[in-house]
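Remarks on the structure that follows.
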Amino acid sequence: MIAIAPSILSADFMRLAEQVQEVEAAGVDRVQIDVMDGRFVPNITFGASVIRALRPLTGLQLEAHLMVEPPEEFIERIAEAGADTIIVHQEATPHLHRAIQQIHGLGKKAGVAINPATPAIMLSEVLGSLQIVLVMTVNPGFGGQEFISTTLEKIRQVRSWIEERGLDCEVEVDGGINLETAPQVVAAGANVLVAGTAVFEGSGSVAERIQMLHAACLAKRCESRF
Ligand code: DX5
């Protein structure tokens, strides 16, 4: 089952509640909220207060992608604001295991994101306790960037380790996901596709764009070149 996770980074911030309700009506199961601190990534977005504001307005899973350092300083307030899943970056803390324990201790699902330059092996000691691995397919910080195709091999690697170990862990990808790259990442083993620009920008409605992404995922499995 392939899930599309709209990233509200690309939504109309003047109509955020409406846009979240639009994607909910389109049948997705989650939205991704990109929390950026202007330090771990060169951009600032929003934090716990936006999650708190959205919480009562939707039944969707709220997936907080923490592009902040150190994440441990933010996990509790993001959890209390109503996030269902908290994803931290492997690169953002020397105490990754403790951060995952903290997320689980708060009753939330835990994910770890790795940047394009980070090898998948950096997850080997924590993979067994994760509900999500997020393979960044762009360098984090902004929407609308070009997909980095060398990450396809990393997606394959993470998927094969999950299968080998019989883990119940999603392989999520984020950045540059569109009608062209969606079948590539699915063929490589991704089952959750974060999309901002492809969902919130372009012709047609949000629902139509999500439907087209789903259809693209089912397209003939492409022979990726990497
Ligand atoms: C990068 C952000 C983006 C966003 C989706 O830090 O995490 O990847 O979610 O961006 P696009 O517009 O490429 O789907």
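Worth pointing out:
- Residue check, Glu146 modelled with pLDDT of 95 or more, closer than 17 Å to Ala195 by Cβ and loosely packed, with under 15 Cβ neighbours inside 10 Å: yes
- Search result, residues across the stretch 6-53 that are free of Cβ contacts under 8 Å to residues at least 12 places away in the same chain and in contact with a strand residue (DSSP E or B) (Cβ under 6 Å, 6 or more places away or on another chain): Gly38, Ile44
- Cβ pairs under 9 Å, 6+ apart, first in the stretch 92-114 and farther than 13 Å from Ile132 by Cα, second among the charged types (D, E, K, R) and loosely packed, with under 13 Cβ neighbours inside 10 Å: Leu96/Glu125; His97/Glu125; Leu106/Glu80
- Test: residue in the stretch 164-173 that is crowded, with 18+ Cβ neighbours inside 10 Å, of a type in the set (Asp, Glu) and either within 18 Å of Ala64 (Cβ to Cβ) or out of contact with any Asp or Glu (no Cβ under 8 Å at 6 or more places or on another chain) (or both): yes
- Out of Gly141, Gly59, Gly111, one residue alone is of a type in the set (Gly, Ala, Ser) and out of contact with any Asp or Glu (no Cβ under 8 Å at 6 or more places or on another chain). It is Gly141.
- For Ile210, the test of being in contact (Cβ under 8 Å) with a residue 12 or more places away in the chain and either farther than 20 Å from Glu63 by Cα or not in a helix (DSSP H, G or I) (or both) is failed.
- Selected residue (criterion: farthest from the ligand (Cβ to nearest atom)) from residues of the stretch 10-27 that are over 16 Å from Ala83 (Cα atoms) and among the hydrophobic types (A, V, I, L, M, F, W, C): Ala25
- When Thr45 is tested against (1) more than 14 Å from the ligand (Cβ to nearest atom); (2) in contact with a helix residue (DSSP H, G or I) (Cβ under 7 Å, 6 or more places away or on another chain), only condition (1) is not met.
Okay, residues lined up against (1) at pLDDT 95 or above; (2) at negative phi; (3) surrounded by fewer than 24 Cβ atoms within 10 Å (Cβ to Cβ); (4) of a type in the set (D, E, K, R):
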{"residue": "Glu180", "(1), (2), (3), (4)": "yes, yes, yes, yes"}
{"residue": "Val185", "(1), (2), (3), (4)": "yes, yes, no, no"}
{"residue": "Ala190", "(1), (2), (3), (4)": "yes, yes, no, no"}
{"residue": "Thr197", "(1), (2), (3), (4)": "yes, yes, yes, no"}
{"residue": "Ala207", "(1), (2), (3), (4)": "yes, yes, yes, no"}
{"residue": "Ile210", "(1), (2), (3), (4)": "yes, yes, yes, no"}
{"residue": "Leu213", "(1), (2), (3), (4)": "yes, yes, yes, no"}
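- Residue in the stretch 151-204 that is nearest to the ligand (Cβ to nearest atom), counting only those that are touching a residue at least 60 places away in the same chain (Cβ under 8 Å) and over 20 Å from Gln32 (Cβ atoms): Leu152
- Screening Leu130 with (1) within 16 Å of the ligand (Cβ to nearest atom); (2) crowded, with 21+ Cβ neighbours inside 10 Å; (3) not acidic (Asp, Glu) gives one miss only, at (1).
- Remark: pairs (first residue in the stretch 126-146, part of a strand (DSSP E or B); second residue basic (Lys, Arg) and more than 15 Å from the ligand (Cβ to nearest atom); Cβ separation under 6 Å; 6+ apart in sequence or on different chains) = Val135/Lys154.
- Taking the criterion of being among the polar types (S, T, N, Q) and buried (at least 21 other Cβ atoms within 10 Å of the Cβ), the only residue of the stretch 2-24 that qualifies is Ser7.
- Among the residues listed as Ala117, Ala64, the single one being free of Cβ contacts under 8 Å to residues at least 24 places away in the same chain and within 18 Å of the chain's Cα centre (by Cα): Ala117
The values are calculated or read from the model by the stated rules, or taken from the named source; none is laboratory data. This is a predicted model, so every value here is computed, not measured. As a convention, Cβ positions derive from the backbone with ideal geometry for all residues, glycine included, and neighbour counts pool all protein chains shown.
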